[in-house]
1. Hey, among A:80, A:139, which residue is surrounded by 17 or more Cβ atoms within 10 Å (Cβ to Cβ), of a type in the set (A, V, I, L, M, F, W, C) and closer than 28 Å to residue A:223 by Cα?
2. Starting from residues that are more than 13 Å from chain B (Cβ to nearest Cβ) and either free of Cβ contacts under 8 Å to residues at least 60 places away in the same chain or surrounded by 18 or more Cβ atoms within 10 Å (Cβ to Cβ) (or both), keep the ones in the stretch A:346-362 and report whichever is nearest to residue A:201 (Cα to Cα).
3. Return the pairs, sorted by first residue and then second, in which the second residue is at pLDDT below 80, the first residue lies in the stretch A:534-549 and is at negative phi, the beta carbons are less than 6 Å apart, and the residues are 6+ apart or on different chains.
4. For the subset of the stretch A:313-332 comprising residues that are in contact with a helix residue (DSSP H, G or I) (Cβ under 7 Å, 6 or more places away or on another chain) and of a type in the set (A, V, I, L, M, F, W, C), which member is nearest to the other protein chains (Cβ to nearest Cβ)?
5. Of the residues that make up the stretch A:154-162, is at least one within 30 Å of residue A:107 (Cα to Cα) and either away from chain B (no Cβ under 14 Å) or part of a helix (DSSP H, G or I) (or both)?
6. For residue A:161, only one of the following conditions fails: (1) charged (D, E, K, R); (2) in the same structural domain as residue A:470 (by TED's automatic domain parsing); (3) surrounded by fewer than 16 Cβ atoms within 10 Å (Cβ to Cβ). What is its number?
7. Just need a number here: residues in the stretch A:262-273 that are more than 21 Å from residue A:597 (Cα to Cα) and at pLDDT below 75.
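The values are calculated or read from the model by the stated rules, or taken from the named source; none is laboratory data. These numbers were taken from a predicted model, which means no experiment stands behind them. Positions of Cβ are generated from backbone atoms using ideal geometry, with glycine treated the same way; all protein chains shown enter the neighbour counts.
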Amino acid sequence: MKQFYFHKFEDRKPYAAIPDNKYRTLLFQFTGIITITLGFAYLYWRWRYSLNPDALWFALPLVLAESLSFFSTVMIVINFWSNKDAKKAPPVHYLSEIEDLDGRKERPVKIDVFIATYNEDVELVRQSIQDAKNMKYPFTDVSIKIYVLDDGRRDGRDATKENMKIVAEEEGVEYKIREHNEGYKAGNLKNALEHTKGDLFVILDADTRVFPDFLINTTGYFRKEKVAWVQTPQWFYDTTEAQKLSTIINAKLKIENKYLSRFVNVVFGKVKLNEDIFGNDPRLFYDAILRKRNFYNAAFCCGAGSIHRREATMSLAIKDFADSLKKLETDLISKNIKSNEILDQKNILLLKQEIIPFKFHASEDIYTSIMLHADKEHKWESIQHADVECKMLSTQDLDSWIKQHQRYAAGSLDIAFKDNPIFIKGLSLGQKICYFNTIWSYFAPLWILVFLLSPIVFFFTLSLPVKTYSFDFLKYFLPFQLMNTITLTLGGWGISTKRGDQYYISSFWYMLMALFSVLKGKEVKFNVTPKGKHFAKNTQHILPHIIIISLTVLGIIYNSVLVLKGYHPCVSGFFTNFFWCIFNIISLSIMIRAAQWKPLETD
Amino acid sequence: MADTLEISLGSDQVLQGLISDSPKLKMESEKKINLFLKNSVNKDNGNMPVDSLDKPIINIKFDEVFQERGEYSSNELSGIYFQGTQYFDFKNVYFINNTGIANLIDLVKSLLRQDVVIKFVNVSEKIKDKFKSMGLEFIFNCS
């Protein structure tokens, strides 16, 4: 068996979902309301009384950034407002358990499992196939078919490529290809749906390895006929391990002297670094953000690790198909085109138009989810399942991480500019807010940039954005920040957010680039996330971070000299900005560490 | 293009509940289509010789028309081809799901490429309503 780097993590166990607690929810709602109230009070004071009229060029962008950031806080409080896990149900056996037979003959349900692949190592895909084959189901007459959907067309035609088809045949599963890559993954799934007939279908990526109880724990939800899909958490089991600082020093300096090595161990032995260095752990997202959207029926599909009702997916595809033809007809009628020409044009479009179950888009999952939620006729529901039912591989180098996250950002922003959920009819207010929240989060680099640059501007211009850093400032700012921290802690109870917070700040540059790219109208491409390690030099990715940290440090040194010599016009401002800078530097430095990270030779 | 076509549709997910296995039912369907056509022709084209409608129906394998789709069962939808129009009898179709509708759209497109128009006859009100609710009433020519 081929050895992969992740084999040493095979024994890792997934986290247990945070148990629901109504008292904690109530406390969160209480602190959330206080936080919002204090936030409004703080911003009222900031806009009304605190702006420095002599430096409005500085004061206004900062207060605007603070206001936008506060809006994010409000959105988060709404997102986390309550929890409503769907009721679990036993796995389904017969078709009548998931849909109205309407006079048809009863039969056992059929389930398809799609493993989408493009260029991943065939032996890696083999492991996903084998795990899919190991899924248990209590009813032997339920058909469970596994399909490898190979968009890389590795069926032996190209001798330079590995042969995926042979692996599929060896494993006794179906193998499907198409002769083009139109629509990327969504197109691949479309092709699969055209050639299969499962009542339910599971979507897996090439590296998604399902646990044996995946189907047992998820199909029961479909007893409710409105449920269109169930998403399970994506758990990355290969995130980097915490390393002892002493081990890192020994390995980097190649210390061979056992006494020196022992000394380093004694001094630094308890300090650990580099745990999940790429901030890949998505637990906060799945176990808090997405799970709490169950309350609004707004949990969206994230692709791999989800199971879908075919009828729901197809209903959207047909609706889109019919709508586009209807739109054309309306346009032609409005242009007073003759009826026979209308018919001709309609027929031309009819032939061109395809039935597309998943939107052909870089963010096909969220886009399709929005449209299914907006279907007024069917009122489809989604479920974010709390427990981990599969494991996946995370990005293992900064370059891959950036590409993946830029695709998420650009995809979501593209939806915002082209088909903003706020204006989509059929979505409930809660759904609109939740989808808008996702999109809004990608605008964060705009105000994060202001927060990162503000101390530098202060250090080098000695201008204050506020009239003074007085007691008034602290009186309004500190209670708000304190309550904000308490509220967010309660919202993500039991989940470490340290790394996520750092990445929220330090990814500002890449998210900004994604935003500009969408604003410029660039097409959002579907880049397949590499599964493996690619330790390329990542210096170009961290140049903005190095520049900001350098300027910040220079500013601190310059202002320290001024303070020591007694020339500084605002010492309180210096100290306030100094502490602010420490936070900025810690947040930014994670990206520099991630860029430099490589597994130790001892690994 | 063959003189007459009979399109086999089917699979329990494509046109679920479609019952035309029984020879008796099938014959009735054909009679119904023929009656429909005779009425249409008498109304629309009085010069058309009625005898020409009684040609035997030729079965054409499903894959010949729908190569891009596979895995269909042997269930058949009674149909007849006449003067550029393919008629299908929906008399015994009492249920159709979304995958089935998607397949019908493919059917319409496939035949349109061959300049053949499709008409569905004896469509129940329930199925007509379903087509209408999905905005397909102008794609599917039903009566």
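1. Details: A:139 fails: surrounded by 17 or more Cβ atoms within 10 Å (Cβ to Cβ).
Just one listed residue meets the conditions, A:80.
2. At the first step, the residues of the stretch A:346-362 found to be more than 13 Å from chain B (Cβ to nearest Cβ) are A:358-362.
Still in the list and also either free of Cβ contacts under 8 Å to residues at least 60 places away in the same chain or surrounded by 18 or more Cβ atoms within 10 Å (Cβ to Cβ) (or both): A:358-359, A:361-362.
Numbers: A:358: 13, A:359: 17, A:361: 20, A:362: 21 Å.
Checking each candidate, the answer is A:358.
3. Listed pairs, sorted by first residue: A:535/A:598.
4. Restricting to residues being in contact with a helix residue (DSSP H, G or I) (Cβ under 7 Å, 6 or more places away or on another chain) and of a type in the set (A, V, I, L, M, F, W, C), the top hit is A:314.
5. Among the residues of the stretch A:154-162, not one is within 30 Å of residue A:107 (Cα to Cα) and either away from chain B (no Cβ under 14 Å) or part of a helix (DSSP H, G or I) (or both), which makes the answer no.
6. (2)
7. Number of matching residues: 0.
Each row is one residue, and each column tells you yes or no for (1) in contact with a strand residue (DSSP E or B) (Cβ under 8 Å, 6 or more places away or on another chain); (2) of a type in the set (Phe, Trp, Tyr); (3) free of Cβ contacts under 8 Å to residues at least 40 places away in the same chain.
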| position | (1), (2), (3) |
| --- | --- |
| A:234 | yes, no, no |
| A:242 | yes, no, yes |
| A:254 | no, no, yes |
| A:271 | yes, no, yes |
| A:302 | yes, no, no |
| A:306 | yes, no, no |
